[in-house]
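I have placed the structure first, in the form of structure tokens, so that the comments after it can refer back to it.
Read the figures in this text as sums done on the coordinates, not as results from a lab. Just so you know, these numbers come straight off a predicted model, no measurement behind them. Virtual Cβ from ideal backbone geometry, glycine too; neighbours counted across all protein chains shown.
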Amino acid sequence: MKSLVVYYSWSGNTQKIARLIQELTDGDIVELIPETPYPSSYNATLEQAKKEIQANYKPPLKTKIDNIEDYEIIFVGSPNWWGTMAPPAATFLSQYDLSGKKIAPFISHGGGGKQRIVENIRKLCHNSKILKELVIYGSGGKGLENEISEWLKEVLK
């Protein structure tokens, strides 16, 4: 089963998870890079993200994926920002026709859990099969690789 790991990461936590998923699945990996980077200040980024989410704004991405049709399963990673996915992840899900694909969400958070992320992915990918999500607090700690392995066993069966 050909897989793609697509993620947006501001602090590096989601990127760490994405790289482990890529290593364990031997899939391809793509980082979602907005055309205009978010500020380096955490508080400024939070304010910008809040405004974007409230306006349903989907920032343009530098990232282009030419062969999306080649993948059967797409792992989609995002931090939890204001109860949903980061706007670059929403841009990706809106830009591509993922009909018939299996979508496996993975979420990093600082205490908010998954909140509405999976629900919002379902809205953007209504013709896709949404698999069980992986929800990781912070950078995942020492047991991260094992937690990802167990999740992969479940979603790849």
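At-a-glance table
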| item | result |
| --- | --- |
| Note, ³J(HN,Hα) from phi for region 23-29, Karplus 6.51, -1.76, 1.60, rounded to Hz, x at Gly and Pro | 4, 6, 9, 6, x, 8, 9 |
| Local net charge near residue 100, Cβ-Cβ under 11 Å (Lys/Arg +1, Asp/Glu -1) | 0 |
| Derived scalar couplings ³J(HN,Hα) [region 78-95; Karplus, 6.51 cos²θ - 1.76 cosθ + 1.60; whole Hz; x for Gly, Pro] | 7, x, 7, 10, 6, x, 8, 6, 5, x, x, 5, 5, 4, 4, 5, 7, 7 |
| Farthest positive-ward along the chain dipole, Cα basis, beta-carbon charges - from 14, 149, 112 | 112 |
| Antiparallel DSSP beta bridges within region 3-155, percent to nearest 5 | 10 percent |
| Low-density loop positions, GluC sites (Glu not before Pro), region 1-41 - DSSP coil, at most 14 other Cβ in 10 Å | 35 |
| Amide H partners (placed H, <5 Å) of residue 131, local residues excluded | 103, 104 |
| Residues with amide H under 5 Å from that of residue 30, placed H, sequence gap 5 or more | 5, 6, 7 |
| Span from the region 72-115 Cα centroid across to the region 1-57 one, whole angstrom | 9 Å |
| Karplus (6.51, -1.76, 1.60) ³J(HN,Hα), θ = phi - 60°, over region 60-65, in Hz, Gly and Pro reported as x | x, 10, 6, 5, 10, 10 |
| Computed magnitude of the charge dipole of the chain (debye, nearest 20; Cβ of K, R +1, Cβ of D, E -1) | 440 debye |
| Cut-off 15 Å between beta-carbons: net charge of the residues surrounding residue 115, Lys and Arg +1, Asp and Glu -1 | +3 |
| Positive-end residue, the chain charge dipole about Cα centroid, Cβ charges, pick of 68, 3, 131 | 131 |
